[in-house]
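Since every read-out is calculated from the coordinates, none of them should be taken as a lab result. Being a predicted model, the structure only gives us computed values, none of them experimental. All Cβ positions, glycine included, derive from the backbone under ideal geometry; neighbour counts span all protein chains shown.
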Amino acid sequence: MHFSALFTHCPVCGSEKFSQNNIKSKHCESCGFVFYMNASASVAAFIENNSGELLVCLRGKEPEKGTFDLPGGFVDDDETAEDAVSREIAEELHAKVIKSDYLFSLPNLYEYSGLTVPTLDMFFGCKLEDMTNLHPSDDVADCFFVPLNELNPELFGLKSIKKAVSMYLNK
């Protein structure tokens, strides 16, 4: 659901006079507060092993539970995208990133708790210290390596991840 339909009252004063200001903001006629729904930053990692296989995760939670994904997640406050991709891989796979290279970014819409959150997804090529002992956790149900020539982007649930995998395969 678009934020303008979900947020009907001003979060500052509670007024019902909280109206659409433009496509990404609402304005309170009572107290003057303006709320902007800007894109949230997120990261995802392409990790290949020495056999040229890509690390693929299985989503353990909604949205798109049960579909393929790349390791990653949202960037926290006061965190760089590089720090975020390292932290997310540590949380989701119990692995240490020793190198990350920015590849490209894509816009996305992420459905969470009934709210459509616009995101800017930044993709990195990452090298791990050790890929022999990966332990899926957090919102990753499983992880495994898939040969690049056997990857099907349609098995990835999130729109931007699906497109990113297609781009990665066609590089």
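Relative to the longest principal axis of the Cα atoms of the chain, helix 159-169 runs at roughly 30 degrees.
Bridges between two residues of the range 49-171, per DSSP, are antiparallel at a rate of about 95%.
Quote the Stokes-Einstein diffusion coefficient, in whole µm² s⁻¹, for the chain, based on the Kirkwood radius over alpha carbon pairs, a temperature of 20 °C and a viscosity of 1.002 mPa s.
On the way: Rh = 17.4 Å.
Answer from the Stokes-Einstein relation: 123 µm²/s.
Projecting the Cα atoms of LEU115, SER40, THR67 onto the charge dipole of the range 24-146, computed from C-beta unit charges around the Cα centre, puts LEU115 farthest toward the positive end. Using every pair of separate Cα atoms, the Kirkwood estimate puts the hydrodynamic radius of the range 59-158 at 14.6 angstrom.
Rounded to the nearest 20, the Cβ-based charge dipole of the chain about its Cα centre (Lys and Arg +1, Asp and Glu -1) stands at 620 debye.
For the range 98-171, a simple Cβ point-charge model (Lys and Arg +1, Asp and Glu -1, everything else neutral) yields a dipole of about 360 debye relative to the Cα centre. Against the chain, whose longest principal axis comes from its Cα atoms, helix 81-93 is set at around 60 degrees.
Modelled label positions at LEU148 and PHE7, each set 7 Å beyond Cα in the direction of Cβ, lie 4.3 nm from each other. With unit charges on the beta carbons (Lys and Arg positive, Asp and Glu negative) and the dipole taken about the Cα centre of the chain, which residue among CYS13, LEU169, VAL85 sits farthest to the positive side? Positive-most Cα among the choices belongs to CYS13. PHE104 label point, 7 Å along Cα→Cβ, cut-off 11 Å on backbone N: hits in the range 129-171? It comes to 163-171, nothing else. When the C-alpha to C-alpha distance is required to be over 30 Å, the pairs from LYS24/LYS99; LYS26/LYS159; LYS17/LYS61; LYS26/LYS99; LYS61/LYS163 that qualify are LYS24/LYS99; LYS17/LYS61; LYS26/LYS99. Using a simple spin-label model with pseudo-atoms 7 Å out from Cα toward Cβ, ALA141 and ASP77 lie 3.3 nm apart.
Identify the GluC sites (Glu not before Pro) of the range 84-144 meeting these criteria: DSSP loop state and at most 15 other C-beta atoms within 10 Å of the C-beta. If you can, show how the numbers build up before the last one.
Details: sites: GLU88, GLU91, GLU92, GLU111, GLU129; in loops: GLU129.
In loop regions of the range 84-144 (DSSP not H, G, I, E or B), the sparsely surrounded GluC sites (Glu not before Pro) are GLU129.
Using alpha-carbon positions, what is the distance between the centroids of the range 73-122 and the range 5-21, in Å? With the range 73-122 and the range 5-21 each reduced to a Cα centre, they are spaced 30 Å.
Here the sum of -39500 (n - 2.57) over DSSP H runs of 4 or more residues, divided by the residues of the chain, equals -4500 deg cm²/dmol at 222 nm, to the nearest 500. What separates the Cα centres of the range 128-171 and the range 22-66 is a distance of 17 Å.
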